[in-house]
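Below you'll find the structure, written out as structure tokens, and then a few comments.
The values are calculated or read from the model by the stated rules, or taken from the named source; none is laboratory data. Computed from a predicted model, the values in this text were never measured in an experiment. Heads up, the Cβs are rebuilt from the backbone with ideal geometry, glycines too, and the neighbour counts pull from every protein chain shown. Remember, those area values only see protein heavy atoms, side chains included, never the ligands or the DNA or RNA. Shrake-Rupley method; radii C 1.70, N 1.55, O 1.52, S 1.80 Å.
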Amino acid sequence: MNKIIVANMKMSMTLKEIGYYIKVLNDKLDTDNDVIIAPSFIFLPYFKSDKYLTCAQDVSEYESGPYTGEVSALQLKSINVKYTIVGHSERRNIFHENSAIIHNKIKHCLDNDISPIVCIGEDKKERISMTTEQFLRRDILELLQDFPKEQLENVIIAYEPKWAIGTGITPTPKEIDETIFFIKDIVESAFKVDVKVLYGGSINKENISDFKKLKNVDGFLIGGSSTDIDEFLEIIEQI
Ligand code: PEP
């Protein structure tokens, strides 16, 4: 089955570098998987191809109005952006985003036909105290509450343990598959929705073969390794 592969390029690259990246991507990408590219806001309009879709890395919690520096869901929709990452752990930790803010962002995405890729994941402390499942359950119920089922069907979840992001350390394949099964089960029992769940955290060309066949994993959110176009294409090829 096709996998969803999302490149979270974070704050990387200049215009010249992104030009090279796009050229190689457009020339060489050849896959049946669903590839989604999330560059910095300013580069979104440069990514134009029928081989992939684009994704913002964030969106404003406000619908519209005088919010200097913000980008609204409606503005993203107007340039044909189909996905937006929300609740990434870097936004939560560095920019202090809480559940209420993330919930607003999900709402604006859904109201504008943008699929939010909602990031959830435990910290080291929950893992050590074996409270990961409780933590994930609470986060899912808070973030997805109050939306109609038809809207929730457009949500994608990315399971990204915070301790695995950018560290080179990952859970075992079995742990990932079991946790994603657990996430799907909560969403199904609470909201009657069959949600797609991606794994993210230190995926690279060396370890992708360990994870690509996992039954419950619908795809991958790839940070650091997606910013090197050769490595990104190699990962896609392996999947
Ligand atoms: C991310 O930031 O979403 C991520 C998965 O990063 P990395 O692949 O670098 O761990």
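Could you list, in sequence order, the residues of segment 24-67 that are part of a loop (DSSP other than H, G, I, E, B), polar (S, T, N, Q) and within 15 Å of LEU221 (Cα to Cα)?
From segment 24-67, those part of a loop (DSSP other than H, G, I, E, B) are 29-33, 39-40, 47-52, 57-67; that's our starting set.
Checking which are polar (S, T, N, Q) leaves us with 31, 33, 40, 49, 57, 60, 64.
Selection gives ASN33, GLN57.
Taking segment 71-124 as the range and being open to solvent by 20 Å² or more (accessible area, probe 1.4 Å), closer than 16 Å to ALA158 by Cα and at pLDDT below 95 as the test, only ASP123 passes.
Scanning segment 10-29 for residues that are in contact (Cβ under 8 Å) with a residue 12 or more places away in the chain and closer than 16 Å to GLU234 by Cα gives TYR21, ILE22, VAL24, LEU25, ASN26, LYS28, LEU29.
Taken together, the criteria exclude ILE169 from residues that are free of Cβ contacts under 8 Å to residues at least 60 places away in the same chain, hydrophobic (A, V, I, L, M, F, W, C), within 16 Å of the ligand (Cβ to nearest atom) and in a helix (DSSP H, G or I).
Between TYR46, TYR67, TYR21, the distinction of being more than 18 Å from ASN154 (Cβ to Cβ), hydroxyl-bearing (Ser, Thr, Tyr), surrounded by 21 or more Cβ atoms within 10 Å (Cβ to Cβ) and over 16 Å from the mean Cα position of the chain (by Cα) belongs to TYR21 only. For segment 103-148, the set of residues classified as touching a Leu at 6+ places or on another chain (Cβ under 7 Å), assigned to a loop (DSSP other than H, G, I, E, B) and more than 18 Å from ALA56 (Cβ to Cβ) consists of GLU122, PHE147, listed by residue number.
Scanning segment 180-225 for residues that are polar (S, T, N, Q) and either assigned to a helix (DSSP H, G or I) or more than 14 Å from GLU160 (Cα to Cα) (or both), we see that the one that is nearest to the ligand (Cβ to nearest atom) is SER225.
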